[in-house]
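Below: one structure, written as C-alpha coordinates.
The values are calculated or read from the model by the stated rules, or taken from the named source; none is laboratory data. What you are looking at is a predicted structure, and each value in this text was computed from that prediction instead of being measured. Ideal geometry is used to build each Cβ from the backbone, glycine not excepted, and the neighbour counts take in all protein chains shown.
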Amino acid sequence: MKKTFITLIWIISVMPGLTGYLAGAQAIGQAELQEIRSSFVKDASTKAIQNALTREKNIKAFTYNHEKAGAIDHFFKYRCDVSGITNQLSSGRCWMFTSMNVLRPAVMKKYNLREFDFSHNYTFFWDQFEKANLFLENVIATADRDITDRDVEFYFKSPVADGGVWNLFWDAAEKYGVVPQVVMPETEHSNNTAQMRGVLNELLRTGGWHLRELVASGAKKKAIEAKKLEIMKDVYRVLALCLGEPPTEFTWRYKDAKGETKTLKTTPLAFYKSIIPDNYNPDTFVMIMNDPTREYYKVYDIASYRNTYEGVNWCYLNLPNEEIKPAALASIKANEPLYISCDVGKQSDREKGIMDVDYYDYQSLFGITLDMDKKARILTRQSGSSHAMLLIGCDTDENDVPVKWELENSWGPASGNHGYVTFTDQWFDEYLFRIVINKKYLSQKAVNAMKTKPVQLPAWDYMF
(Lines give C-alpha, C1' and ligand atoms only; values in the text may rest on other atoms or scores of the structure.)
Protein backbone atom coordinates (compact mmCIF):
# COMPACT_ATOMS: atom_id res chain seq x y z
CA MET A 1 0.00 0.00 0.00
CA LYS A 2 2.84 2.39 0.92
CA LYS A 3 4.56 1.80 -2.43
CA THR A 4 1.31 2.45 -4.32
CA PHE A 5 0.74 5.69 -2.39
CA ILE A 6 4.25 6.96 -3.14
CA THR A 7 3.80 6.12 -6.83
CA LEU A 8 0.53 8.08 -6.96
CA ILE A 9 2.17 11.09 -5.29
CA TRP A 10 4.97 10.97 -7.91
CA ILE A 11 2.44 10.81 -10.77
CA ILE A 12 0.47 13.77 -9.40
CA SER A 13 3.58 15.92 -8.89
CA VAL A 14 5.48 15.06 -12.08
CA MET A 15 2.79 14.17 -14.62
CA PRO A 16 -0.35 16.22 -13.88
CA GLY A 17 -1.60 15.78 -17.46
CA LEU A 18 -1.53 12.04 -17.06
CA THR A 19 -3.45 12.16 -13.77
CA GLY A 20 -6.17 14.12 -15.52
CA TYR A 21 -6.45 11.43 -18.15
CA LEU A 22 -6.37 8.58 -15.61
CA ALA A 23 -9.19 10.19 -13.67
CA GLY A 24 -11.44 9.94 -16.72
CA ALA A 25 -10.05 6.70 -18.13
CA GLN A 26 -12.42 3.81 -18.60
CA ALA A 27 -12.87 0.51 -20.36
CA ILE A 28 -14.44 0.34 -23.81
CA GLY A 29 -18.16 0.81 -23.25
CA GLN A 30 -21.12 0.18 -25.52
CA ALA A 31 -21.09 3.73 -26.88
CA GLU A 32 -17.40 3.56 -27.77
CA LEU A 33 -17.77 0.09 -29.20
CA GLN A 34 -20.67 1.20 -31.40
CA GLU A 35 -18.63 4.16 -32.70
CA ILE A 36 -15.68 1.91 -33.47
CA ARG A 37 -17.83 -0.71 -35.22
CA SER A 38 -19.64 1.89 -37.31
CA SER A 39 -16.28 3.22 -38.54
CA PHE A 40 -15.76 -0.04 -40.44
CA VAL A 41 -17.84 0.69 -43.54
CA LYS A 42 -18.26 -2.31 -45.84
CA ASP A 43 -18.23 -0.55 -49.16
CA ALA A 44 -17.29 -2.40 -52.33
CA SER A 45 -13.52 -1.89 -52.00
CA THR A 46 -13.51 -2.87 -48.31
CA LYS A 47 -15.42 -6.07 -49.08
CA ALA A 48 -12.98 -6.91 -51.86
CA ILE A 49 -9.98 -6.38 -49.56
CA GLN A 50 -11.59 -8.44 -46.78
CA ASN A 51 -12.39 -11.27 -49.16
CA ALA A 52 -8.79 -11.30 -50.40
CA LEU A 53 -7.12 -11.10 -46.98
CA THR A 54 -9.26 -13.75 -45.33
CA ARG A 55 -8.24 -16.19 -48.07
CA GLU A 56 -4.52 -15.37 -48.28
CA LYS A 57 -2.03 -15.28 -45.39
CA ASN A 58 0.68 -13.46 -47.38
CA ILE A 59 -0.20 -9.81 -46.77
CA LYS A 60 2.90 -8.70 -48.69
CA ALA A 61 1.37 -10.09 -51.87
CA PHE A 62 -1.33 -7.38 -51.69
CA THR A 63 0.96 -4.52 -50.67
CA TYR A 64 3.58 -4.81 -53.41
CA ASN A 65 4.02 -1.39 -55.02
CA HIS A 66 3.64 -2.05 -58.73
CA GLU A 67 5.21 1.31 -59.58
CA LYS A 68 8.51 -0.09 -58.27
CA ALA A 69 8.47 -2.97 -60.76
CA GLY A 70 11.58 -2.61 -62.90
CA ALA A 71 12.50 0.72 -61.29
CA ILE A 72 15.41 -0.71 -59.27
CA ASP A 73 18.15 -2.60 -61.10
CA HIS A 74 21.22 -4.46 -59.84
CA PHE A 75 23.91 -2.48 -61.69
CA PHE A 76 26.57 -0.53 -59.81
CA LYS A 77 29.17 2.05 -60.77
CA TYR A 78 31.48 1.04 -57.90
CA ARG A 79 31.87 -2.54 -56.67
CA CYS A 80 34.42 -4.33 -54.50
CA ASP A 81 35.98 -7.64 -55.45
CA VAL A 82 33.77 -10.46 -54.17
CA SER A 83 34.61 -14.02 -53.19
CA GLY A 84 31.34 -15.96 -53.48
CA ILE A 85 28.15 -16.38 -51.49
CA THR A 86 28.11 -18.21 -48.15
CA ASN A 87 25.17 -19.70 -46.25
CA GLN A 88 24.64 -19.44 -42.49
CA LEU A 89 21.51 -21.65 -42.75
CA SER A 90 19.35 -21.74 -39.59
CA SER A 91 21.74 -19.89 -37.32
CA GLY A 92 22.20 -16.35 -36.09
CA ARG A 93 25.86 -16.24 -37.10
CA CYS A 94 25.50 -13.46 -39.69
CA TRP A 95 27.98 -11.29 -37.75
CA MET A 96 30.55 -14.09 -37.95
CA PHE A 97 30.00 -14.80 -41.65
CA THR A 98 30.18 -11.10 -42.48
CA SER A 99 33.35 -10.55 -40.46
CA MET A 100 35.02 -13.48 -42.20
CA ASN A 101 33.74 -12.46 -45.63
CA VAL A 102 35.75 -9.26 -45.23
CA LEU A 103 38.91 -11.37 -44.94
CA ARG A 104 38.22 -14.07 -47.54
CA PRO A 105 39.56 -12.17 -50.59
CA ALA A 106 42.91 -11.64 -48.85
CA VAL A 107 43.24 -15.39 -48.17
CA MET A 108 42.36 -16.26 -51.76
CA LYS A 109 44.97 -13.82 -53.03
CA LYS A 110 47.66 -15.00 -50.62
CA TYR A 111 47.24 -18.69 -51.52
CA ASN A 112 46.15 -18.15 -55.15
CA LEU A 113 42.78 -19.84 -54.65
CA ARG A 114 39.67 -19.84 -56.82
CA GLU A 115 37.46 -20.27 -53.76
CA PHE A 116 37.87 -20.36 -50.00
CA ASP A 117 35.85 -20.22 -46.83
CA PHE A 118 36.62 -20.23 -43.13
CA SER A 119 35.31 -22.75 -40.64
CA HIS A 120 32.44 -20.94 -39.00
CA ASN A 121 31.91 -24.04 -36.89
CA TYR A 122 35.36 -23.61 -35.29
CA THR A 123 34.76 -19.96 -34.41
CA PHE A 124 31.21 -20.72 -33.29
CA PHE A 125 32.52 -23.34 -30.84
CA TRP A 126 34.75 -20.82 -29.10
CA ASP A 127 32.14 -18.09 -29.26
CA GLN A 128 29.63 -20.23 -27.38
CA PHE A 129 32.27 -21.50 -24.97
CA GLU A 130 33.44 -18.01 -24.09
CA LYS A 131 29.90 -16.61 -23.84
CA ALA A 132 29.16 -19.36 -21.31
CA ASN A 133 32.16 -18.34 -19.22
CA LEU A 134 31.20 -14.66 -19.40
CA PHE A 135 27.66 -15.50 -18.28
CA LEU A 136 28.93 -17.40 -15.24
CA GLU A 137 31.30 -14.57 -14.32
CA ASN A 138 28.43 -12.09 -14.57
CA VAL A 139 26.30 -14.33 -12.36
CA ILE A 140 29.02 -14.46 -9.72
CA ALA A 141 29.59 -10.68 -9.91
CA THR A 142 25.87 -9.98 -9.35
CA ALA A 143 25.15 -12.84 -6.93
CA ASP A 144 24.53 -10.39 -4.07
CA ARG A 145 21.66 -8.78 -5.98
CA ASP A 146 18.06 -9.93 -6.02
CA ILE A 147 17.11 -12.36 -8.80
CA THR A 148 14.69 -9.69 -10.08
CA ASP A 149 17.46 -7.11 -10.50
CA ARG A 150 17.38 -5.89 -14.10
CA ASP A 151 20.95 -6.91 -14.89
CA VAL A 152 20.47 -10.35 -13.31
CA GLU A 153 17.21 -10.86 -15.20
CA PHE A 154 18.94 -9.93 -18.45
CA TYR A 155 21.80 -12.38 -17.91
CA PHE A 156 19.47 -15.29 -17.10
CA LYS A 157 17.07 -14.47 -19.93
CA SER A 158 19.59 -15.65 -22.53
CA PRO A 159 22.84 -17.03 -21.09
CA VAL A 160 24.21 -17.74 -24.59
CA ALA A 161 22.94 -16.72 -28.02
CA ASP A 162 24.34 -17.17 -31.50
CA GLY A 163 23.88 -13.52 -32.47
CA GLY A 164 26.51 -10.85 -32.12
CA VAL A 165 28.42 -7.97 -33.68
CA TRP A 166 31.87 -7.43 -35.19
CA ASN A 167 33.80 -7.14 -31.92
CA LEU A 168 32.78 -10.71 -31.00
CA PHE A 169 34.60 -12.06 -34.03
CA TRP A 170 37.62 -9.96 -33.11
CA ASP A 171 37.58 -11.19 -29.48
CA ALA A 172 37.29 -14.89 -30.43
CA ALA A 173 39.73 -14.81 -33.36
CA GLU A 174 42.40 -12.93 -31.44
CA LYS A 175 42.32 -15.59 -28.73
CA TYR A 176 41.72 -18.81 -30.70
CA GLY A 177 42.57 -17.95 -34.31
CA VAL A 178 40.68 -19.31 -37.32
CA VAL A 179 40.89 -22.37 -39.57
CA PRO A 180 39.82 -23.23 -43.15
CA GLN A 181 36.34 -24.68 -43.54
CA VAL A 182 37.62 -28.16 -44.48
CA VAL A 183 39.60 -28.41 -41.23
CA MET A 184 36.48 -28.26 -39.03
CA PRO A 185 33.40 -28.61 -41.27
CA GLU A 186 29.89 -27.57 -40.33
CA THR A 187 27.68 -29.97 -38.39
CA GLU A 188 23.91 -30.18 -38.10
CA HIS A 189 24.11 -28.18 -34.87
CA SER A 190 26.31 -25.39 -36.20
CA ASN A 191 23.90 -24.98 -39.11
CA ASN A 192 20.81 -25.36 -36.90
CA THR A 193 21.69 -23.93 -33.51
CA ALA A 194 18.39 -23.77 -31.63
CA GLN A 195 18.29 -27.17 -29.92
CA MET A 196 21.92 -27.17 -28.83
CA ARG A 197 21.55 -23.66 -27.43
CA GLY A 198 18.44 -24.81 -25.59
CA VAL A 199 20.48 -27.47 -23.80
CA LEU A 200 23.32 -25.02 -23.10
CA ASN A 201 21.00 -22.38 -21.71
CA GLU A 202 19.32 -24.83 -19.33
CA LEU A 203 22.74 -26.11 -18.25
CA LEU A 204 23.95 -22.55 -17.63
CA ARG A 205 20.83 -21.41 -15.82
CA THR A 206 21.15 -24.46 -13.58
CA GLY A 207 24.82 -23.75 -12.95
CA GLY A 208 24.15 -20.04 -12.46
CA TRP A 209 21.48 -20.80 -9.87
CA HIS A 210 23.85 -23.05 -7.92
CA LEU A 211 26.61 -20.44 -8.07
CA ARG A 212 24.25 -17.86 -6.57
CA GLU A 213 23.40 -20.31 -3.81
CA LEU A 214 27.10 -20.86 -3.13
CA VAL A 215 27.75 -17.14 -2.84
CA ALA A 216 24.70 -16.70 -0.59
CA SER A 217 25.97 -19.47 1.70
CA GLY A 218 29.25 -17.63 2.20
CA ALA A 219 31.37 -20.13 0.27
CA LYS A 220 35.05 -19.36 -0.24
CA LYS A 221 36.37 -18.04 -3.54
CA LYS A 222 38.11 -21.35 -4.32
CA ALA A 223 34.87 -23.29 -3.93
CA ILE A 224 33.05 -20.89 -6.25
CA GLU A 225 35.84 -21.10 -8.83
CA ALA A 226 35.84 -24.90 -8.63
CA LYS A 227 32.08 -25.01 -9.22
CA LYS A 228 32.39 -22.72 -12.22
CA LEU A 229 35.13 -24.91 -13.67
CA GLU A 230 32.88 -27.99 -13.35
CA ILE A 231 30.10 -26.17 -15.22
CA MET A 232 32.53 -25.13 -17.98
CA LYS A 233 33.62 -28.77 -18.38
CA ASP A 234 29.98 -29.65 -19.06
CA VAL A 235 29.70 -26.77 -21.52
CA TYR A 236 32.76 -28.02 -23.38
CA ARG A 237 31.31 -31.53 -23.47
CA VAL A 238 27.99 -30.37 -24.97
CA LEU A 239 29.78 -28.30 -27.60
CA ALA A 240 32.26 -31.05 -28.47
CA LEU A 241 29.48 -33.61 -28.86
CA CYS A 242 27.41 -31.34 -31.13
CA LEU A 243 30.09 -29.45 -33.04
CA GLY A 244 33.16 -31.66 -32.82
CA GLU A 245 36.33 -30.83 -30.92
CA PRO A 246 38.32 -27.85 -32.29
CA PRO A 247 41.91 -28.57 -33.37
CA THR A 248 44.92 -27.04 -31.63
CA GLU A 249 46.97 -27.54 -34.81
CA PHE A 250 46.05 -28.69 -38.30
CA THR A 251 47.26 -29.74 -41.72
CA TRP A 252 45.51 -28.03 -44.61
CA ARG A 253 45.78 -29.50 -48.09
CA TYR A 254 44.46 -27.34 -50.90
CA LYS A 255 44.63 -26.94 -54.67
CA ASP A 256 45.58 -23.51 -55.98
CA ALA A 257 44.38 -21.77 -59.15
CA LYS A 258 47.16 -23.44 -61.15
CA GLY A 259 45.89 -26.86 -60.12
CA GLU A 260 48.84 -27.58 -57.85
CA THR A 261 48.17 -29.41 -54.57
CA LYS A 262 49.87 -27.82 -51.56
CA THR A 263 50.08 -28.51 -47.83
CA LEU A 264 50.20 -26.14 -44.89
CA LYS A 265 50.89 -27.27 -41.32
CA THR A 266 50.14 -24.64 -38.69
CA THR A 267 48.01 -23.66 -35.71
CA PRO A 268 44.70 -21.75 -35.75
CA LEU A 269 46.25 -18.67 -34.15
CA ALA A 270 49.30 -18.67 -36.45
CA PHE A 271 47.02 -19.04 -39.50
CA TYR A 272 44.92 -16.11 -38.32
CA LYS A 273 47.95 -13.90 -37.78
CA SER A 274 49.27 -14.80 -41.24
CA ILE A 275 46.14 -13.74 -43.12
CA ILE A 276 44.76 -10.79 -41.16
CA PRO A 277 45.86 -7.32 -42.33
CA ASP A 278 48.17 -5.54 -39.90
CA ASN A 279 45.67 -2.75 -39.29
CA TYR A 280 42.54 -4.89 -38.94
CA ASN A 281 41.89 -4.16 -35.27
CA PRO A 282 39.74 -1.92 -33.04
CA ASP A 283 42.47 0.74 -33.06
CA THR A 284 42.12 1.26 -36.82
CA PHE A 285 38.60 0.03 -37.58
CA VAL A 286 35.66 1.55 -35.76
CA MET A 287 32.01 0.59 -35.58
CA ILE A 288 29.88 3.59 -36.40
CA MET A 289 26.16 3.78 -35.74
CA ASN A 290 23.30 5.87 -36.98
CA ASP A 291 21.12 6.14 -33.88
CA PRO A 292 18.98 9.32 -33.93
CA THR A 293 17.82 8.63 -30.37
CA ARG A 294 21.22 9.67 -29.04
CA GLU A 295 23.64 12.53 -29.50
CA TYR A 296 25.86 12.34 -32.58
CA TYR A 297 29.66 12.51 -32.46
CA LYS A 298 29.62 10.62 -29.16
CA VAL A 299 31.12 7.22 -28.36
CA TYR A 300 28.93 4.62 -26.63
CA ASP A 301 29.94 1.36 -24.96
CA ILE A 302 27.46 -1.40 -24.16
CA ALA A 303 28.40 -3.12 -20.91
CA SER A 304 29.34 -6.79 -21.11
CA TYR A 305 28.56 -7.07 -24.84
CA ARG A 306 31.43 -9.31 -25.85
CA ASN A 307 32.11 -13.03 -25.75
CA THR A 308 35.52 -13.40 -24.06
CA TYR A 309 35.72 -12.12 -20.49
CA GLU A 310 38.90 -10.18 -21.28
CA GLY A 311 37.73 -8.95 -24.70
CA VAL A 312 36.54 -5.55 -25.91
CA ASN A 313 32.91 -4.53 -25.54
CA TRP A 314 30.63 -3.50 -28.37
CA CYS A 315 31.70 0.13 -28.72
CA TYR A 316 30.42 2.52 -31.39
CA LEU A 317 30.67 6.10 -32.59
CA ASN A 318 27.26 7.61 -33.30
CA LEU A 319 27.20 9.65 -36.53
CA PRO A 320 24.59 11.19 -38.84
CA ASN A 321 24.07 9.49 -42.20
CA GLU A 322 25.45 12.61 -43.93
CA GLU A 323 28.80 11.68 -42.38
CA ILE A 324 28.51 7.92 -42.87
CA LYS A 325 27.64 7.75 -46.56
CA PRO A 326 30.70 9.59 -48.00
CA ALA A 327 32.96 7.44 -45.83
CA ALA A 328 31.27 4.22 -46.97
CA LEU A 329 31.50 5.26 -50.62
CA ALA A 330 35.20 6.10 -50.25
CA SER A 331 35.85 2.66 -48.77
CA ILE A 332 34.04 0.93 -51.63
CA LYS A 333 35.97 2.97 -54.18
CA ALA A 334 39.16 1.74 -52.51
CA ASN A 335 37.95 -1.88 -52.93
CA GLU A 336 37.46 -2.28 -49.17
CA PRO A 337 34.08 -3.89 -48.37
CA LEU A 338 32.39 -3.03 -45.09
CA TYR A 339 30.65 -4.96 -42.34
CA ILE A 340 27.15 -3.50 -41.92
CA SER A 341 24.01 -4.42 -40.00
CA CYS A 342 20.45 -3.35 -40.66
CA ASP A 343 16.77 -4.09 -40.10
CA VAL A 344 16.70 -6.57 -42.97
CA GLY A 345 13.03 -7.51 -42.73
CA LYS A 346 11.63 -4.04 -43.32
CA GLN A 347 10.37 -3.25 -46.84
CA SER A 348 12.37 -6.20 -48.14
CA ASP A 349 11.72 -8.43 -51.15
CA ARG A 350 13.76 -11.50 -50.26
CA GLU A 351 13.12 -13.22 -53.60
CA LYS A 352 14.32 -10.36 -55.80
CA GLY A 353 16.93 -9.06 -53.36
CA ILE A 354 15.53 -5.51 -53.21
CA MET A 355 14.92 -3.23 -50.23
CA ASP A 356 13.21 0.15 -50.64
CA VAL A 357 11.13 2.30 -48.29
CA ASP A 358 8.10 2.32 -50.64
CA TYR A 359 8.31 -1.26 -51.84
CA TYR A 360 5.26 -2.42 -49.84
CA ASP A 361 2.27 -0.15 -49.25
CA TYR A 362 0.45 -1.36 -46.13
CA GLN A 363 -1.23 2.01 -45.60
CA SER A 364 -3.20 1.91 -48.86
CA LEU A 365 -4.26 -1.71 -48.36
CA PHE A 366 -5.57 -1.26 -44.82
CA GLY A 367 -6.47 2.44 -44.98
CA ILE A 368 -4.29 3.25 -41.96
CA THR A 369 -1.45 5.67 -41.16
CA LEU A 370 2.07 4.44 -40.37
CA ASP A 371 4.19 7.56 -40.02
CA MET A 372 6.86 7.00 -37.37
CA ASP A 373 10.36 8.26 -38.15
CA LYS A 374 13.53 6.26 -37.46
CA LYS A 375 13.89 7.64 -33.93
CA ALA A 376 10.33 6.70 -32.98
CA ARG A 377 10.65 3.23 -34.53
CA ILE A 378 13.78 2.56 -32.46
CA LEU A 379 12.31 3.79 -29.16
CA THR A 380 9.06 1.85 -29.64
CA ARG A 381 11.02 -1.30 -30.61
CA GLN A 382 9.39 -1.31 -34.06
CA SER A 383 12.82 -1.26 -35.67
CA GLY A 384 16.32 -2.36 -34.77
CA SER A 385 19.30 -4.07 -36.29
CA SER A 386 18.54 -7.69 -37.11
CA HIS A 387 21.11 -8.89 -39.64
CA ALA A 388 24.72 -8.29 -40.69
CA MET A 389 25.94 -8.35 -44.30
CA LEU A 390 28.86 -7.12 -46.38
CA LEU A 391 28.52 -3.76 -48.13
CA ILE A 392 30.27 -4.18 -51.50
CA GLY A 393 28.78 -1.74 -54.02
CA CYS A 394 27.35 1.71 -54.64
CA ASP A 395 25.64 3.28 -57.63
CA THR A 396 25.71 7.07 -57.93
CA ASP A 397 24.08 9.77 -60.07
CA GLU A 398 25.81 12.23 -62.42
CA ASN A 399 27.04 14.18 -59.39
CA ASP A 400 28.48 11.04 -57.75
CA VAL A 401 25.76 11.10 -55.08
CA PRO A 402 24.63 7.59 -53.95
CA VAL A 403 21.27 6.36 -55.24
CA LYS A 404 21.52 2.69 -54.25
CA TRP A 405 23.89 0.23 -52.57
CA GLU A 406 24.71 -3.48 -52.81
CA LEU A 407 25.21 -6.13 -50.13
CA GLU A 408 26.79 -9.58 -50.17
CA ASN A 409 24.50 -11.72 -48.03
CA SER A 410 25.08 -15.04 -46.24
CA TRP A 411 21.77 -16.75 -47.05
CA GLY A 412 23.06 -18.82 -49.95
CA PRO A 413 22.99 -18.17 -53.73
CA ALA A 414 19.26 -18.99 -54.05
CA SER A 415 18.32 -15.95 -51.97
CA GLY A 416 17.87 -12.51 -53.49
CA ASN A 417 19.79 -11.58 -56.63
CA HIS A 418 21.97 -14.74 -56.70
CA GLY A 419 22.85 -14.09 -53.05
CA TYR A 420 23.24 -10.32 -53.33
CA VAL A 421 20.88 -7.56 -52.16
CA THR A 422 20.24 -4.10 -53.58
CA PHE A 423 18.85 -1.33 -51.38
CA THR A 424 18.05 2.29 -52.17
CA ASP A 425 19.70 5.28 -50.56
CA GLN A 426 16.41 6.16 -48.87
CA TRP A 427 16.34 2.68 -47.29
CA PHE A 428 19.89 3.34 -46.05
CA ASP A 429 18.59 6.37 -44.14
CA GLU A 430 15.75 4.51 -42.45
CA TYR A 431 16.97 0.99 -41.75
CA LEU A 432 20.76 0.81 -41.80
CA PHE A 433 22.31 1.03 -38.33
CA ARG A 434 25.96 -0.05 -38.08
CA ILE A 435 29.05 -0.01 -40.28
CA VAL A 436 32.58 -1.12 -39.43
CA ILE A 437 35.01 1.12 -41.30
CA ASN A 438 38.64 2.18 -41.38
CA LYS A 439 38.76 5.48 -39.53
CA LYS A 440 40.90 7.01 -42.30
CA TYR A 441 37.69 7.45 -44.31
CA LEU A 442 36.00 9.51 -41.59
CA SER A 443 36.08 13.28 -41.22
CA GLN A 444 38.45 14.90 -38.74
CA LYS A 445 35.46 15.82 -36.58
CA ALA A 446 34.48 12.14 -36.36
CA VAL A 447 38.07 11.04 -35.67
CA ASN A 448 38.34 13.59 -32.86
CA ALA A 449 35.05 12.35 -31.40
CA MET A 450 36.50 8.84 -31.21
CA LYS A 451 39.04 10.08 -28.65
CA THR A 452 36.38 11.03 -26.10
CA LYS A 453 35.47 8.83 -23.16
CA PRO A 454 32.67 6.39 -24.07
CA VAL A 455 29.24 6.77 -22.51
CA GLN A 456 28.54 3.48 -20.74
CA LEU A 457 25.18 1.90 -21.63
CA PRO A 458 23.63 -1.03 -19.73
CA ALA A 459 23.81 -4.58 -21.09
CA TRP A 460 20.06 -4.50 -21.71
CA ASP A 461 20.16 -1.28 -23.75
CA TYR A 462 17.54 -1.04 -26.52
CA MET A 463 20.22 -0.97 -29.24
CA PHE A 464 21.28 -4.49 -28.11
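Regarding segment 25-34, can at least one residue be identified that is at pLDDT 90 or above and either in contact with a strand residue (DSSP E or B) (Cβ under 8 Å, 6 or more places away or on another chain) or among the charged types (D, E, K, R) (or both)? There is at least one residue in segment 25-34 that is at pLDDT 90 or above and either in contact with a strand residue (DSSP E or B) (Cβ under 8 Å, 6 or more places away or on another chain) or among the charged types (D, E, K, R) (or both).
All conditions in (1) modelled with pLDDT under 95; (2) on the phi < 0 side of the Ramachandran plot hold for Phe75, with the sole exception of (1).
Of all positions in segment 237-244, none carries a residue that is touching a helix residue (DSSP H, G or I) at 6+ places or on another chain (Cβ under 6 Å) and closer than 26 Å to Asp146 by Cβ. Among the residues of segment 94-115, is any assigned to a helix (DSSP H, G or I), under 25 Å from Pro282 (Cα atoms) and of a type in the set (Ser, Thr, Tyr)? The answer is yes, given that some residue of segment 94-115 is assigned to a helix (DSSP H, G or I), under 25 Å from Pro282 (Cα atoms) and of a type in the set (Ser, Thr, Tyr). The listed residues are Ser119, Ser91, Ser83, and the only one of them that is without any contact (Cβ under 8 Å) to a residue 40 or more places away in the chain and crowded, with 19+ Cβ neighbours inside 10 Å turns out to be Ser83.
Please tell me if Phe97 is within 30 Å of the chain's Cα centre (by Cα) and surrounded by 14 or more Cβ atoms within 10 Å (Cβ to Cβ). Please lay out each step first, then the result.
Details: within 30 Å of the chain's Cα centre (by Cα): yes; surrounded by 14 or more Cβ atoms within 10 Å (Cβ to Cβ): yes.
Here the answer is yes, as Phe97 does meet what is asked.
Looking at (1) out of contact with any helix residue (DSSP H, G or I) (no Cβ under 8 Å at 6 or more places or on another chain); (2) assigned to a loop (DSSP other than H, G, I, E, B); (3) free of Cβ contacts under 8 Å to residues at least 12 places away in the same chain, which one does His74 not meet, given that it meets all the others? Among (1) out of contact with any helix residue (DSSP H, G or I) (no Cβ under 8 Å at 6 or more places or on another chain); (2) assigned to a loop (DSSP other than H, G, I, E, B); (3) free of Cβ contacts under 8 Å to residues at least 12 places away in the same chain, the lone unmet condition for His74 is (3).
Just one of the numbered conditions (1) over 29 Å from the mean Cα position of the chain (by Cα); (2) surrounded by fewer than 20 Cβ atoms within 10 Å (Cβ to Cβ) is not true of Leu241: (1).
Restricting attention to segment 313-325, the residues that are in a helix (DSSP H, G or I) and in contact (Cβ under 8 Å) with a residue 60 or more places away in the chain total 4. Screening Asp283 against (1) at pLDDT below 95; (2) assigned to a helix (DSSP H, G or I); (3) charged (D, E, K, R) leaves a single unmet condition, (2). Selection over segment 343-359 of residues that are more than 19 Å from the chain's Cα centre (by Cα), modelled with pLDDT of 95 or more and not in a loop (DSSP other than H, G, I, E, B) gives a count of 1.
In summary, Glu186 fulfils each of the numbered conditions (1) closer than 27 Å to Phe250 by Cα; (2) assigned to a helix (DSSP H, G or I) with the single exception of condition (2).
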